[in-house]
Each structure stands twice: as structure tokens, then as C-alpha cells.
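Only one structure is covered here, and it is reproduced in the block below.
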Amino acid sequence: MSDYLPVQVIPEILKRLPVKSLVRFRSVCKTWNSIIRDPSFISTHLQSSLSNNTPFLLIQSVKGIGFEFSWHYDNDGFDKFNQLQLPVFHCGSDSLVIGSVNGVICAQLFSYDNSLNFVLWNPSIQNCISLPQPSIRDVVDLNIGFGFDSKTNDYKLLLVGIGVEDFSGNWINPCLFSLNQNCWKTLTATIPPNYNFDAAYGATLPFVNGAFHWLGFQTGNRFSNAIMGFDLSTEEFMLISLPESLIGSWYGSLSIFKYGESSIAVQRLRHGELYELWVMKEYGVVESWTKVLTLSLATEPRFPKVMGFRKNGQVLHAHNTKMASLDLNSQQMETSLDLNCRQMEFHGVEFGAELLSVHSYVESLVLLDKAVDAHNEGDVHHSMDSSYLDEWSGGEVDVA
């Protein structure tokens, strides 16, 4: 084809092809391989995929003593794509998904010595990169965020938590990993003064608009809550105000989520009887906070567990041991509802004892241009056909 088409036309054709085909086409000739591995083409192909392809939802749940992973199309049928397991790594007995950005999954590997081990993995191309260990040790609770810095085209990992030195429970200095630099650094930016926040081991931070977000609070005569944030590009901490009615709520009654691709949402459980969901319609504009749902669950044995939002804006719930979604557009704001099968659309998806997380995923070539150690390349850097997933998922992968 290269003999009949101008060189500048080939990338325009290739960017419209699926990842599986592109990985195979690297072997057609050196020119194609060079085009497909080029960072600018990888970025162009990603933008095309984000605009034109149906995204996946990566669902993580507890099964037995370990975790189970599955992919579903984020479409009307919630169709199952395939069962998926993270690779088994020598350094860890199990793994937990921290986040998914641009087709790259960040996972924490739980090791026998309690060290902090993280990997970046693109299952579409089966490229897996092991990150160097951070210098922090003896951490009790840790908040972890994985995101993408669009200004520097860099994938970064943030660690914020509590240390146990002298059992003082002091906050550790936040640490940030840069994939471009392949190293960790201790941040000089300081967390907003007089604000505390809970950190649970393995807790992940919603990433939206180039920043991580979590809930913080001040104590005194009454709680004073706010959303704390960290901007990946400026590497500075910030505060975002909550709706007035949530500022003085008990901190433990609030949870924060990513809303769509550009904003955030907060849920509140009031006195174990009433559930509220608030959305910031315009990111950063305090006046745009809107209460989109109020549920009265007096007839239900327990509250549903909100896991996030679908691409169409529906709320994803874990309802008992089933996955369900609720269409906010069909409900009037602040209308009390008895949450039952008439209001919720069940998807025929059952999970184990507990649904842990739901992450949006898109197939991409990201990490294809990153080097893999030669002795590992045969294990972790090869093309993936979805029909091989079940066979491969039980395999063992060595990483540097």
C-alpha cells in the first residue's frame, strides 16, 4: 500500500482502525511500525477512539478471597465484553484497580511484605510497566489517585495519607510519580491548612478536569466540609466549596464521585433515612451545585451503593448483589422515591460479596511507545485478541 498511497495519507487511514488490527499491522513494514508507535499518532488515535467508540466499564468486585474483573459495553444492553483478570505478578498475591485513564489501568499489587507496588497496564496491547517503589514506608491509610497531565502528556500517580512514625498519625508528605520521569518526588506544595481528611487503605481519588478530588473537613463546634483537590499540571492543592446544606453535615455521611468527563458529584445519607445526590453542573462554579435526586428508602432493607455514572448520565448502583442504573432524567428533582425494580433498570450483572469499583475504559495504543525490558518483552508486550483473554488471564507475567 505504501507504494500506491502518499505517506501522509497512511496515518489518516490507520487512525480509523481498531487497536487489535494496528498491533498486527506493525509487522507489515518498518514505515507502518514507525507510524503506529509514534506518540503523536497514538494521541490522534486515542482522540478518535474517545469520540467514535462505545466505551467499556471495568467492574471490580470481591469474589472469595480475591478480586474479580469483568468488562461491559457502556451501551443500552450493558453487554458483557469478556471476563478479565489482571495478570498474576511475582511480587504480589492480588491486585486492586486504582484508576483507568486513556486505556491505561493503574493497579496496586498487594505483596507479602506490605510494600507499595504499582503497575500501569494497557490490556489492549498487553503492555505492562512496573513502577519503582515510593520512598514512603509504614503507612496506615493511603489515598491514591491516577491521572493524566494533558499539558505535559504525562501519566501521574498521587499518594496522600497517614504515617505511623511514633504512632503519631501525622500526614505523610504527598508523593507524586511521573511516568515521563520514571520516578517519585516529594511534593513541596502543602495541603490546605486546618483541613483533615480520612484515608482508607486502597481508597482511590476521582480524577476530573485535570485534578484529583476528595472530601476534607474542619472540626470544632461543628463540621465544616469542603472538597480538596490537587491539580496535576500546576501540582498545587486547592479547595472547592460544597453546597451550603452539605458544609455542616457529618463528614462520614458524604461521598464524592466523578460526574461525566468534566465535573463532580456528592452524595449524602441523612440520618439513615434519606439519600441525596448533588451534581456540580459547571465545574468550579459553586452556584451550579444542583440536587438531582432525593430518595426515601424507608421500604428498603438498605441503601443502594452508588458506584458512579454512565456515559448517558445514568447513576450506577450496586443493589444487593446486582448492578443497576437509575435514569435521573425520568425523575423530578427532589421527588421522594421508594427505590425498587420499577425505578431501577437491572442489567443481569451479578457480582460477589461486594462491588468495589467501576471504571470507564477505552481501547488505546497508549504505552506502545514505552520501552519494556528485553527479558520481559515476550511476556507483557504482545498483541491481544479478545478471544485470547480467558486463556491469557490466568497467565503469569514478569515485570521489572
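Quick check on GLU261: is it part of a strand (DSSP E or B) and among the acidic types (Asp, Glu)? Considered against the rule, which asks whether it is part of a strand (DSSP E or B) and among the acidic types (Asp, Glu), GLU261 comes out as no. Taken together, the residues in region 162-184 that are on the phi > 0 side of the Ramachandran plot and at pLDDT below 85 amount to 3.
Per-residue answers, yes or no, for (1) open to solvent by 30 Å² or more (accessible area, probe 1.4 Å); (2) modelled with pLDDT of 95 or more; (3) not charged (D, E, K, R):
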{"position": "ASP138", "(1), (2), (3)": "yes, no, no"}
{"position": "ASN143", "(1), (2), (3)": "no, no, yes"}
{"position": "LYS156", "(1), (2), (3)": "no, yes, no"}
{"position": "THR188", "(1), (2), (3)": "yes, no, yes"}
{"position": "PRO192", "(1), (2), (3)": "no, no, yes"}
{"position": "TYR195", "(1), (2), (3)": "yes, no, yes"}
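Considered as a group, the residues in region 47-106 that are in contact with a Ser or Thr (Cβ under 8 Å, 6 or more places away or on another chain) and among the β-branched types (Val, Ile, Thr) include one that is modelled with the lowest pLDDT, and that residue is ILE59. Please specify each residue of region 9-61 satisfying the condition of being in contact with a Phe, Trp or Tyr (Cβ under 8 Å, 6 or more places away or on another chain) and not hydrophobic (A, V, I, L, M, F, W, C). PRO11, LYS15, ARG26, THR54, PRO55, GLN60, SER61 - these are the residues of region 9-61 that are in contact with a Phe, Trp or Tyr (Cβ under 8 Å, 6 or more places away or on another chain) and not hydrophobic (A, V, I, L, M, F, W, C). Report whether or not PHE25 is touching a helix residue (DSSP H, G or I) at 6+ places or on another chain (Cβ under 7 Å) and without any contact (Cβ under 8 Å) to a residue 12 or more places away in the chain. Yes. As for region 216-227, it holds no residue that is over 18 Å from GLY147 (Cβ atoms), more than 25 Å from the chain's Cα centre (by Cα), open to solvent by 40 Å² or more (accessible area, probe 1.4 Å) and modelled with pLDDT of 85 or more. Residue count for region 269-308 satisfying the condition of being at pLDDT 70 or above, open to solvent by 30 Å² or more (accessible area, probe 1.4 Å) and under 20 Å from VAL358 (Cα atoms): 2.
The values are calculated or read from the model by the stated rules, or taken from the named source; none is laboratory data. In this text the structure is predicted, and so the values were computed from the model without any measurement. Neighbour counts are summed over all protein chains in view; Cβ atoms, including those assigned to glycine, are modelled from backbone coordinates with ideal geometry. All accessible areas refer to the heavy atoms of the entire protein, side chains included, with ligands and DNA or RNA removed. Shrake-Rupley method; radii C 1.70, N 1.55, O 1.52, S 1.80 Å.
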